[in-house]
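Data first, discussion second: the structure below is written as C-alpha cells.
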C-alpha cells in the first residue's frame, strides 16, 4: 500500500526539527540488511522467522514468557527514550511529558490486561535471542514503540480483503538515508489507527490499519 512521499501530521509536528542521518556511536547504518534481499511473501510467517531470524538451536532453547510486565518489556520501554532522542522530543512536545503519553495511551503497562479503549486483539510474538514473549493484545502506540527498536513483520488484510505482509521498521538504522527525515511523520497513528512503517522489502513507506492486523512478530536482535 503506497503512501505519499510525506504524510505530515501538522497539528503534532509543526515547527518540529528535521532529523539528520546521524546515528548513535553504537549504531551502524544498515538500510540494506539481508532481510531486504529475500522474498518474505511466503505462506507462513512462522517459517520465515524460524528459518531466517532464529537458528535451530535458538528455537530449541527458547522460552515463551508473557510480554507485558516482563523485565524485558520494562527495559525496552525505558531504553527507547535514550535510544531514540527524536522520538522522546516528539512525545514531550505532543503530550508535555513521556509519563503523560504512557498514561493517556496505556503504553507499556505492567499488567497483562486488555484495554478495550486502546488495545486491539492481535496474536503478538516478541522474539529475542533466547526467549519468545507472547501477548494477545497490543495498542497502535506500542506497535510504533516496537518498530522503533527493530523490525516488525505484520500479517494483515488489505481493504480489498486480500491478505498481505509488511516487514517494516521506524528504526533509523534500517531506513534509507534519503528517507530518514520523513520518519517522524509516522511517530503517531494516522486517521483510523493506520500505522506507517518503512517497508524493508519494498524500500518505501507502507501502512496497515490496526483493525485489520491478524498477527505481528517483532524482533530486536538484528543489531
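Some notes on this structure:
- As a proxy for reagent exposure, ranking 68, 198, 205 by other Cβ atoms within 10 Å from fewest up yields 68, 205, 198.
- Least to most buried among 164, 119 (fewest other Cβ within 10 Å first): 164, 119
- Cα-based shape type of region 70-201, given that a ≥ b ≥ c are square roots of the gyration tensor eigenvalues and the cut on a/c is 1.5: rounded
- Residues 212, 162, arranged from fewest to most other Cβ atoms within 10 angstrom of their Cβ, appear as 162, 212.
Where a number appears in this text, it was derived from the coordinates with a stated rule and is not lab data. Note that the structure is a prediction, hence the values are computed from the model and not measured. Note that each Cβ is placed from the backbone with ideal geometry, even for glycine, and that neighbours are counted across all protein chains shown.
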